[in-house]
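**Q** The structure that follows is given in the form of structure tokens.
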Amino acid sequence: MSDSSVERGRVLTRAIGGLVSTAALAAVLFLFASDGLYLWIKAAHVIAVVAWMAGLLYLPRLFVYHCDAEPGSLQSETFKVMERRLYRAIINPAMVATWVFGLWLAWSGFAFSGGWLHAKIAAVLALSGFHGYLGGAVRRFAADRNTRTTRHWRFMNEVPTVLLIVIVVLVVVKPF
Ligand code: HEM
């Protein structure tokens with residue numbers, strides 16, 4: 001290879017390196033400029049919220065169908081697998097992510113102040129309690145020890161809906 005082509009290769013490598021590091025720096029500045037980071041974390045928070053809510057709304061519905069399945073039947077065993085996977089793989093991690101991102105937003109954007117924020121955290125604590133209650137039910141269904149009726153689980157299906165409405169109104173309208 002001639003000296004001039006080696007030199008051209010070095011120039012090209014340096015130019016690409018420069019472009020890549022400029023793009024990386026721009027991405028870091030964009031992300032960590034306070035507004036950019038805040039909005040990215042808020043987006044992550046809302047995504048986690050959607051996954052958490054989807055699970056909390058679907059699990060009691062699975063329990064409604066599970067109640068009608070004969071213990072030991074193939075259908076009942078299939079519901080057990082679906083419930084366990086939904087709880088462990090979606091609902092638990094989504095709750096942790098919602099809390100982590102939500103607490104960061106509350107600290108960084110509002111220094112944990114505001115009546116709406118305190119009321120929202122109280123409502124989310126209630127939602128987390130409901131989450132724990134469903135976890136106990138997953139274990140009882142897995143051991144064929146559920147004693148609750150279909151009607152009970154239909155009613156339980158409405159609990160996260162009501163809390164969701166309260167939480168979203170509090171955070172969007174911020175009425176107090
Ligand atoms: C775990 C405790 C939580 C805390 C500390 C928290 C806190 C926050 C904060 C401080 C914001 C930013 C508000 C703004 O920029 O105006 C926010 C946004 C939001 N949160 Fe939460 N949150 C939590 C859980 C939840 C839950 C469980 C839901 C829904 C069920 C939810 C729904 C939302 C929505 C929809 C937004 C976007 C609001 C907007 O941009 O107008 N959050 N959250």
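The values are calculated or read from the model by the stated rules, or taken from the named source; none is laboratory data. Here the structure is a predicted model, which is why all the values come from computation and not from measurement. Cβ sites come from the backbone with ideal geometry, for glycine too, and all protein chains shown count toward neighbours.
**Q** Would you mind finding the one in Phe101, Phe79, Phe130, Phe63 that is in a helix (DSSP H, G or I), modelled with pLDDT of 95 or more and touching a Pro at 6+ places or on another chain (Cβ under 8 Å)?
**A** Of the residues listed, the single one that is in a helix (DSSP H, G or I), modelled with pLDDT of 95 or more and touching a Pro at 6+ places or on another chain (Cβ under 8 Å) is Phe130.
**Q** Sticking with this one: For the range 51-58, check the following and say yes or no: at least one residue is exposed (fewer than 14 other Cβ atoms within 10 Å of the Cβ) and in a helix (DSSP H, G or I).
**A** Looking only at the range 51-58, we keep the residues that are exposed (fewer than 14 other Cβ atoms within 10 Å of the Cβ), and these are none.
Among the residues of the range 51-58, not one is exposed (fewer than 14 other Cβ atoms within 10 Å of the Cβ) and in a helix (DSSP H, G or I), which makes the answer no.
**Q** For the range 152-164, which positions are in contact (Cβ under 8 Å) with a residue 60 or more places away in the chain and loosely packed, with under 13 Cβ neighbours inside 10 Å?
**A** Thr161
**Q** Which one is farthest from the ligand (Cβ to nearest atom), of the residues in the range 136-151 that are in a helix (DSSP H, G or I) and surrounded by 15 or more Cβ atoms within 10 Å (Cβ to Cβ)?
**A** The first filter runs over the range 136-151 and keeps only residues in a helix (DSSP H, G or I), leaving 136-142, 150-151.
Okay, now just the ones that are also surrounded by 15 or more Cβ atoms within 10 Å (Cβ to Cβ), so 137-138, 141-142.
Values: Ala137: 20, Val138: 20, Phe141: 25, Ala142: 26 Å.
By that ranking, first place goes to Ala142.
**Q** Quickly run through the range 108-120 and pick out the residues that are closer than 16 Å to Val173 by Cβ and in contact with a helix residue (DSSP H, G or I) (Cβ under 8 Å, 6 or more places away or on another chain).
**A** Listed by number, the residues that qualify are Phe110, Trp116, Leu117, Ala119, Lys120.
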